[in-house]
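The values are calculated or read from the model by the stated rules, or taken from the named source; none is laboratory data. Keep in mind that this is a model prediction, so the values were computed, not measured. Here the Cβ positions follow ideal geometry from the backbone for every residue, glycine too, while neighbour counts run over all protein chains shown. Quick note on the areas: whole protein, heavy atoms, side chains included, nothing else; ligands and nucleic acids left out. Shrake-Rupley method; radii C 1.70, N 1.55, O 1.52, S 1.80 Å.
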Amino acid sequence: MTLALGCIADDYTGASDLANTLTRAGLRTVQTIGVPADDLALPEVDAVVVSLKSRSIEAGLAVSRSRAAEKWLRGRGAGHVLFKICSTFDSTDAGNIGPVMDALRADSGEAVVLVTPAFPETGRTVYQGNLFVGAVPLNESPLKDHPLNPMRDSNLVRVLARQSKTQVGLVDLATVTRGAEAVRTRLAELSGKGTGAAIIDAVFDRDLETIGLVAAQHRLSVGASGIGLGLARALVSTGKVKSAAGSGGADAAVGGPAACLAGSCSQATLQQIANAERVMAVLHLDQDRILTGADEVQRAIAWAKPRLADGPVLIASSATPDQVAALQARHGRDAAGHAIEQAMADIAENLVKSGVRRLVVAGGETSGAVVDRLGIPGFLVGAEIAAGVPVLRAVGAEAGDMLLALKSGNFGGPEFFADALGLMR
Ligand SMILES: Nc1ncnc2c1ncn2[C@@H]1O[C@H](COP(=O)(O)OP(=O)(O)OP(=O)(O)O)[C@@H](O)[C@H]1O
Ligand SMILES: O=C(O)[C@@H](O)C(=O)CO
């Protein structure tokens, strides 16, 4: 297998978002959980997305895991590696985008790294280095209240400069609009001044196509699904990859009971849970009971099991920003997040033992905890449920044939849970 594109994603939902984008753009793509073991049977593919759970861990660990993934991908022929980050640039001043970018840049000998989280299909655009989420700047969007990494500055040149050892520059929209050659000239100018990374504006998919043509001639880029789209289209349009169509039956029916788990506290997920109440049984977990060791997991399993035969169930820990802040004040941010993630993983494990084979999970960290617990080594990409969220077929899972959907917190329409289960038969 010689890869046309290697990708390292800093969380599992982000990885499936990217795998979905690459598949839709014609690349045969597989998503692996961590660096694949040598005995994992992978089909012949154009792109591998290695999913890490490195967005919110200590920067040094994020660097070493990303480096190991890069080494594996380069070893399979990947001339270009995309480090997939969140389209809302989720990170703190301690990292992990800057430190990982610096390390991969050093490894790949890249003079100047192209960076853009733009993903216009989901309303993420970058103009003059400022990230917009829909109509508002990042720092006015719901991301300002994220439980793990509140985003309070929309200027990504500043944000990345606080995390990285290199100088960060800007390639503005006017330059991108003038085309690939103008972008190359600007990058050469920046690198001549010793600038090692450039935030690139992108508002429309056509901007990402221009960026993709330039990026494909570099060894490393950093961004969300939008730059993945640009790279994939460049690989197809320059004939480096022969476009493949369809999901290859990755979403064929598995049957059996279905369940949804929500650990995301995003505004979008809160609305989706409220709407799901109309069409499925919903249990809201008591977070204080989880934190104080009371048997909240057993209560959830006892609630779910008798209902599974009658239709899907949804179990949610999600809460409003005020409730999240209050819980974090009582127990600490990391302790609260970790305990709830582990409770979700316990619940998932028990549900699968009870026969659940169709599982929808909302939230990147939550999905990471669940997928790790289920011991799933990789996924094939099926139908698209919503922008950035495909149906996934587990490969090599201990529980056998399973369909999952891993939803990034902010993604999906108002009826996401019903939409997902409608495609997961
Ligand atoms: N009620 C709650 N109070 C505090 N923290 C919570 C609560 N419910 C869930 N959490 C924690 O909040 C975090 C949510 O992160 P997660 O990545 O799962 O969702 P997200 O950030 O919305 O999704 P994404 O990363 O895909 O955008 C997790 O660590 C989760 O355990
Ligand atoms: O890019 C995005 O917004 C998503 O794929 C994601 O990474 C959210 O966790």
Query raised in the report: Which one is most open to solvent (accessible area, probe 1.4 Å) among residues in region 152-199 that are under 22 Å from Asp102 (Cβ atoms) and of a type in the set (S, T, N, Q)?
Result: Gln167
Query raised in the report: Looking at region 220-262, which of its residues are open to solvent by less than 20 Å² (accessible area, probe 1.4 Å) and not in a helix (DSSP H, G or I)?
Result: Leu220, Ser221, Val222, Gly223, Ala224, Val241, Ala250, Ala258, Ala259, Cys260, Leu261, Ala262
Query - Residues (open to solvent by 30 Å² or more (accessible area, probe 1.4 Å) and within 16 Å of ligand 1 (Cβ to nearest atom)) located in region 123-147 - result: Gly134, Pro142, Lys144, Asp145, His146, Pro147
Query raised in the report: Only one of Leu143, Leu138 is of a type in the set (A, V, I, L, M) and modelled with pLDDT under 95; which?
Result: Leu143
Query raised in the report: Does any residue in region 390-402 that is closer than 15 Å to Val352 by Cβ come within less than 7 Å, Cβ to Cβ, of a residue that is of a type in the set (Ser, Thr, Tyr) six or more places away or on a different chain, and which pairs are these?
Result: Leu392/Ser16
Query raised in the report: What number of residues in region 344-368 are within 8 Å of ligand 1 (Cβ to nearest atom) and either free of Cβ contacts under 8 Å to residues at least 60 places away in the same chain or of a type in the set (D, E, K, R) (or both)?
Result: 1
Query raised in the report: In region 360-376, which residues are among the small types (Gly, Ala, Ser) and either within 16 Å of Pro390 (Cβ to Cβ) or in contact with a helix residue (DSSP H, G or I) (Cβ under 6 Å, 6 or more places away or on another chain) (or both)?
Result: Ala362, Gly364, Ser367, Gly368, Ala369
Query raised in the report: How many of the residues making up region 113-122 are crowded, with 24+ Cβ neighbours inside 10 Å and farther than 16 Å from Met101 by Cβ?
Result: 2
Report summary line: When restricted to Leu270, Leu308, Leu261, the only residue more than 21 Å from the chain's Cα centre (by Cα) and touching a residue at least 24 places away in the same chain (Cβ under 8 Å) is Leu308
Query - Residue, surrounded by the fewest Cβ atoms within 10 Å (Cβ to Cβ), within region 354-382, restricted to residues that are among the polar types (S, T, N, Q) and either modelled with pLDDT under 95 or assigned to a helix (DSSP H, G or I) (or both) - result: Thr366
Query - Candidates Ala319, Ala335, filtered to the one that is open to solvent by less than 60 Å² (accessible area, probe 1.4 Å) and either in contact with a strand residue (DSSP E or B) (Cβ under 8 Å, 6 or more places away or on another chain) or more than 19 Å from Phe417 (Cβ to Cβ) (or both) - result: Ala335
